[in-house]
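Down below is the structure, laid out as C-alpha cells.
Please treat every number below as a calculation from the coordinates, not as lab data. All values derive from a computational prediction rather than experimental measurement. Heads up, the Cβs are rebuilt from the backbone with ideal geometry, glycines too, and the neighbour counts pull from every protein chain shown.
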C-alpha cells in the first residue's frame, strides 16, 4: 500500500458531515489516511463540503468515484438500504471498504460481500466496532469470573424517539444549502430502529456473550407518520420490535428496537442480571468498575457516550472533541487492516447481527422461533 491511504466518502449526509469528514481531515492522521474524494447525488453539497475541507474531488455518482484510480478505499455512509450495492460495487472496483452500520440488510447480502472481499484480496471492516471497547471486554471477564454469580438474562436496545427529525442540526445547516431529509430511516429496506440504533446494543451484547442460537420476536409499526420540515413521512419499516434471544444453557436476552424508551441511561449498554448481582453498562452493582483506559473517562458521567469512546485506540487529541469518534476508530481499523495489522472488527460478527434482525422479523411474521444459521468467534 502507498501511504497515506486515499479514501473516498460515499454519501455526504449528517453522519459524514458531523463526524467522518471532520475526523479524517485532522492533521494528526494525514500521514496515514487522506480524504481524496466525496460523492453524493446532491452534488452541490459534496462540492461545498469538499471546498470547506480542502478535499480534491467531489462527484455526483458512485461510478465516477470508483473510476478514480487514486481512490484506494471507501467509507460507505449512504442509507443502509444502499449499503450492499455500494459495498459490492466498491469491492468489484478493487477498493477496500469500511461500511457504516448496519453492513447490509440480509445474510445473503452479507455472504456475498464477505466472499467478494476474500476473493478480491480486499479488506472489509464494518461498523460498529463495539468489540474494541475495553469496557465490554471487562464485562465479559467479570461475568466469567462470577462477579454477578450465574448469569440469568440480559436486556439491551435502542429507540428512535424524535432524533432524526429534530436532533441532528446538520440536516438543516448542510453545505450547499439543501436540507438532508431523514425519510429513508422510516422506509424499507434498511429503515427502522433495529438497523439504525439497536445495532450498537446487539454488537455490544454479542461482544460479551458471543453468538446467539435462536430468536423469536414481536414487531410492528407504532408511529404511523413522521414529519420533517413540514413534510409528512409515512412509516413503512417496523419501528417497534422486541426480540427474545437464546444464547444456550438457558441464558436469554431481550433486545428492543422501538419507537421510544431505553433500559439504561448509558447508550447502547446492556444490563446483565446474575444470581448475585447486576452489571449495567460500566456499573457493577451500582458502582463503576475498572477497565483499561478508564482514567481517560474520569470527570465525565457514565452516560456520556463520547467520553466513553476516549478509550478507543485512535481516539486522542482533537478526536475526543469531534462527534462520532467511534466511527473514526472503525475507519482507522480499516487503515490498520490494509497496512497488515489484524482487527477484531469483523464482517462475520456484523453478519451475525444481521441474521438476528432478519430472523427476528421472520419470527414476528410467522410466529415461529427461528434458528440462527450464522456464527462468529470472539477474540481470545
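Observations on the structure shown:
- For the stretch 5-126: relative contact order, % (alpha-carbon pairs under 8 angstrom, 6 or more apart): 23
- Residues in the stretch 215-246 that a label on residue 181 would reach, taking backbone N under 12 Å of a point 7 Å out along Cα→Cβ: 228-234
- As a length-normalised measure over Cα pairs under 8 Å and 6 or more apart, the relative contact order of the chain settles at 20 percent.
- Between the C-alpha center of the stretch 331-357 and that of the stretch 243-269 there is a gap of 23 Å.
- Shown is the FRET efficiency for residue 92 and residue 339, computed with R0 = 25 Å from the Cβ-Cβ distance and rounded to the nearest 0.05: 0.65.
- When each of the peptides 263-271, 350-358, 17-25 is scored by how many other beta carbons lie within 10 Å of its residues on average, the order from highest to lowest is 350-358, 17-25, 263-271.
- Distance between the pseudo-spin-label points of residue 53 and residue 111 (7 Å out from Cα toward the beta carbon): 3.6 nm.
- Additional length obtainable on full extension of the chain from residue 30 to residue 227, 0.36 nm per residue less Cα span: 66.9 nm
- Tensor-based shape of the stretch 70-170 (alpha-carbon gyration tensor, a/c under 1.5 rounded, otherwise prolate or oblate): oblate
- In this simple spin-label approximation, residue 166 and residue 273 carry label points 7 Å from Cα along the Cα→Cβ vector, and these lie 3.2 nm apart.
- Given (1) 29, 23, 20; (2) 37, 35, 19; (3) 32, 24, 21, the label whose value is semi-axes √(5λ) of the Cα gyration tensor in Å derived from this model: (3)
- Three-way shape call for the stretch 39-90 based on the alpha-carbon gyration tensor, with the a/c threshold at 1.5: oblate
- Cα shape, the stretch 5-126, gyration tensor, a/c 1.5 rule: prolate
- Highest-fluctuation residue, 325, 127, 341 considered, GNM on the chain with Cα pairs under 10 Å: 341
- Modelled FRET efficiency - R0 35 Å, residue 304 with residue 120, Cβ distances, 0.05 increments: 0.30
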